[in-house]
């Protein structure tokens with residue numbers, strides 16, 4: 001990871017948290033439609049799929065910063081004892097290629113293990129091919145579907161080791 005990049009827990013409702021979640025939705029909504037997302041589409045997606053539960057006893061949310069600027073995020077939602085779901089994993093386009101995604105996922109796994117999560121699972125849309133490849137390189141494997149979401153093209157999971 002680049003020396004300037006740092007990762008920390010953030011409340012997704014904070015100004016920095018909300019801003020990076022908005023950029024996440026701008027990216028994925030635009031990719032889904034194959035055109036730039038409108039502000040109203042992004043706001044609707046944020047209402048339809050809130051991130052407020054990525055805190056306290058329900059989960060956690062991490063941001064990655066380049067100096068003071070937030071350039072990425074990722075969260076884990078606790079599904080049941082021992083099981084968490086990766087969500088909102090995103091790196092700004094201009095910060096990609098510096099190991100930020102790998103570092104962020106490693107941090108999400110580390111915090112998850114410390115919070116007694118033994119399995120992390122996630123869904124990925126087919127158009128997010130670079131994310132799908134990264135998850136596979138990091139040991140996430142195809143599993144039976146666990147979501148009926150129309151945006152869940154691939155279902156992946158990884159067993160985590162004990163927290164250190």
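The values are calculated or read from the model by the stated rules, or taken from the named source; none is laboratory data. These numbers come from a predicted model, not from an experiment. Cβ atoms come from the backbone with ideal geometry, glycine included; neighbour counts cover every protein chain shown.
Some values worked out for this structure:
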| item | result |
| --- | --- |
| Scope segment 118-131; condition surrounded by 18 or more Cβ atoms within 10 Å (Cβ to Cβ) and either in contact (Cβ under 8 Å) with a residue 60 or more places away in the chain or farther than 21 Å from residue 21 by Cβ (or both); matching residues | 128 |
| Matching entry among 42, 76 (being in contact with a helix residue (DSSP H, G or I) (Cβ under 8 Å, 6 or more places away or on another chain), at pLDDT 95 or above, within 25 Å of residue 100 (Cβ to Cβ) and assigned to a helix (DSSP H, G or I)) | 42 |
| Of all residues making up segment 17-34, the number that are more than 19 Å from residue 131 (Cα to Cα) and surrounded by fewer than 17 Cβ atoms within 10 Å (Cβ to Cβ) | 2 |
| Single residue of segment 45-69 satisfying the filter (in a strand (DSSP E or B) and over 14 Å from the mean Cα position of the chain (by Cα)) that is nearest to residue 115 (Cα to Cα) | 65 |
| Qualifying residue in segment 91-110 (condition: surrounded by 18 or more Cβ atoms within 10 Å (Cβ to Cβ), part of a strand (DSSP E or B) and either touching a residue at least 60 places away in the same chain (Cβ under 8 Å) or in contact with a helix residue (DSSP H, G or I) (Cβ under 6 Å, 6 or more places away or on another chain) (or both)) | yes |
| Scope segment 29-66; condition within 21 Å of residue 77 (Cβ to Cβ) and touching a strand residue (DSSP E or B) at 6+ places or on another chain (Cβ under 8 Å); matching residues | 51, 53, 54, 55, 57, 58, 59, 60, 61, 62, 63, 64 |
| Total residues in segment 104-135, condition over 26 Å from residue 33 (Cβ atoms) and either within 12 Å of the chain's Cα centre (by Cα) or modelled with pLDDT under 95 (or both) | 7 |
| Any chance residue 86 is in a strand (DSSP E or B) and either modelled with pLDDT of 95 or more or on the phi < 0 side of the Ramachandran plot (or both) | yes |
| Unmet criterion (only one of (1) assigned to a helix (DSSP H, G or I); (2) over 24 Å from residue 8 (Cβ atoms)) for residue 149 | (1) |
| Meets criteria (closer than 23 Å to residue 145 by Cβ, surrounded by 17 or more Cβ atoms within 10 Å (Cβ to Cβ) and out of contact with any helix residue (DSSP H, G or I) (no Cβ under 8 Å at 6 or more places or on another chain)) for residue 85 | yes |
